[in-house]
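Shown next, in structure tokens, is the structure this report addresses.
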Amino acid sequence: MRLQGYDYSREGAYFITLCTKDRELLFSSKPTSDMVSEYWNIISEKYAGVELDEYVIMPNHVHGILFLPYVGADRCVGPFDNKPDLIRMMQWFKTMTTNAYLTGIKEKGWPPYNGKLWQRGYYERIIRSEEELNILRGYIRENPVK
């Protein structure tokens, strides 16, 4: 659920969790988790100024921290149209990983999934302090052990 009225292109740090549909364990193998990791890392190349922090690919979900940059406005033309937007970034990520996973099913024998790769939507948390950021970093690092 998105925070009502919040601008998800706003500068700041965000903790993201995306889950596979029905929590299927689709990223258990190295090739599938590597593919998801590859697209996660491309986010900072595709969206100018976005910085990636800690992340982890689990068998049925992804946790990550993203920093969106401050993007000002040109007084002559208004706000920039191409500023990074968390919602569009996650849509892009889910689309690209779904397409790559479908290719993996056809060409590499990856396990098929039922209907959709990803659960509808995703969970995000706006990180509001350095303390909260460090707690979430620890949570991500410790998640594979749990």
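Since every read-out is calculated from the coordinates, none of them should be taken as a lab result. What you see is a predicted model, and the numbers here were worked out from it, not measured in a lab. Virtual Cβ from ideal backbone geometry, glycine too; neighbours counted across all protein chains shown.
Projecting the Cα atoms of PRO144, PRO84, LEU25 onto the dipole axis of the chain, where Lys and Arg carry +1 and Asp and Glu carry -1 at the beta carbon, places LEU25 farthest toward the positive end. Run down the lysines and flag those whose C-alpha is under 28 Å from the C-alpha of LYS106, throwing out any fewer than 8 positions away in its chain. Counting by Cα, and skipping residues close in sequence, LYS106 has these lysines nearby: LYS21, LYS30, LYS46, LYS94, LYS116. Counting only alpha carbon atoms, the long axis of helix 130-142 and the longest principal axis of the chain meet at about 10°. Each Lys or Arg adds one and each Asp or Glu takes one away; over the other residues whose Cβ falls under 15 Å from the Cβ of LEU52, this sums to -3.
When Rg and the Kirkwood radius Rh are both evaluated on Cα atoms of the chain, their ratio Rg/Rh stands at 0.99.
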